[in-house]
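Okay, structure first, notes after.
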Amino acid sequence: MRRVLIALGVRVVTVDLGNVAPFVPPHVGIRPAVAPWERAAAFALRRSVFCDEQGIFAEDDRDAADAHAQTIVAVTYLMGMADRVVGTVRLHETAPRRWTGSRLAIVPDCRATYGLGAGLVHRAVATANAAGCDEFLATVQLPNVAFFRRLHWDKIGACAINGHPHALMRADLAAYPPLASATAATLLAVRRAS
């Protein structure tokens, strides 16, 4: 192909892309997973992060909560079309008016994207708040406690998941107004950390 291009008078330039960050589309929608491919991608992302990368679970992180939990996904958009799931979180009611969030995961190439993790947390808590939540709890890995504190969460205890230490944290519901629409996507204009 290179010889054909040179024969046609096209200048061929070699570019080293070794230091170029992966492309992240500028718009991400955070919304409930509705399509089967979104749910499948969310479960695959969770397995990749919590089983393969972190080793918290052996082969699969699914549990009984998945039977009734809501799955929230962060989906990138290219030219107005949903492209791929780059983040997920689940939430479910554990007792009347008490909700729990868990399994917050973001693909590695999007972890330096501002607003993605906070957007997923906000969507989960605001969704529960719209459903009449009085208390929203989460088990948070210790390195992420400061992040959750910045998002108006308080540490209220400690626990372990499969031998891995976690903090039990509670959201300040006043910081998460109920959603006006449970199905509309929250659009983020994303940018990378520098």
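Quick note: the coordinates plus some simple rules give every number you see, no bench work behind them. Keep in mind the model is a prediction, meaning the values are calculated, not measured. Because the Cβ atoms are built from the backbone with ideal geometry, glycine has one as well, and the counts that use them run over all protein chains shown.
From the Cα gyration tensor of segment 27-72, with a ≥ b ≥ c the square roots of its eigenvalues, which class applies: rounded if a/c is under 1.5, or else prolate if a/b is larger than b/c, or else oblate?
Details: a/c = 2.41, a/b = 1.46, b/c = 1.65.
Oblate is the answer for segment 27-72, as a/c is 1.5 or above yet b/c matches or exceeds a/b.
Apply the Karplus curve 6.51 cos²θ - 1.76 cosθ + 1.60, θ = phi - 60°, to the phi angles in segment 122-128 and return the couplings in whole Hz, x for Gly and Pro.
4, 4, 5, 5, 5, 5, 5
Determine the gain in length on full extension of the stretch Asn162-Met79; use 0.36 nm per residue of separation and subtract their C-alpha separation, reporting nm with one decimal. Walk me through the intermediate numbers first.
Details: separation 83, 0.36 × 83 = 29.88 nm, distance 4.19 nm.
Fully extending the segment from Asn162 to Met79 adds 25.7 nm.
Around Asp52, under 12 Å between beta carbons, what's the net of Lys plus Arg minus Asp minus Glu among the other residues?
Working: positive: Arg46, Arg47; negative: Glu53, Glu59, Asp60, Asp61.
Around Asp52, the charge tally is -2.
If you find the alpha carbon centre of segment 24-68 and of segment 121-189, how far apart are they in angstrom?
17 Å
Across all directions of projection, what mean area in square nanometres is found for the Cα convex hull of segment 20-189?
Numbers: hull surface 40.2 nm².
One quarter of the hull surface, i.e. the mean projection, equals 10.0 nm².
Report the label-to-label distance for His152 and His27 in nanometres (one decimal), using points 7 Å from each Cα along the Cα→Cβ vector.
2.7 nm
Mind putting a number on the dipole of segment 20-189 about its Cα centre? Charges go on the C-beta only, +1 for Lys and Arg and -1 for Asp and Glu, and I need it in Debye to the nearest 20.
Numbers: 16 positive and 15 negative charges, 62 e Å.
Once rounded to the nearest 20, the dipole reads 300 debye.
Could you calculate the FRET efficiency of Ala40 with Ala180 from 1/(1 + (r/R0)^6), where r is the beta carbon distance between them and R0 is 22 Å, rounded to 0.05? All intermediate terms of the calculation are to be shown ahead of the outcome.
Working: r = 29 Å, r/R0 = 1.30.
The computed FRET efficiency comes out at 0.15.
How would Phe57, Phe136, Phe148 line up from fewest to most surrounding beta-carbon atoms within 10 angstrom? Mind dumping the intermediate values first?
Values: Phe57 18, Phe136 25, Phe148 22.
So the residues, fewest neighbours to most, are Phe57, Phe148, Phe136.
Step through the residues of segment 50-55 one at a time and calculate ³J(HN,Hα) from phi using the Karplus curve (6.51 cos²θ - 1.76 cosθ + 1.60, θ = phi - 60°), rounding each to whole Hz and writing x for Gly and Pro.
Result, ordered by residue: 7, 9, 6, 7, 9, x Hz.
Could you line up Ser102, Ser48 from fewest to most neighbouring Cβ atoms inside 10 Å? Spell out each step's value before the answer.
On the way: Ser102 21, Ser48 15.
In increasing order of surrounding Cβ atoms, one gets Ser48, Ser102.
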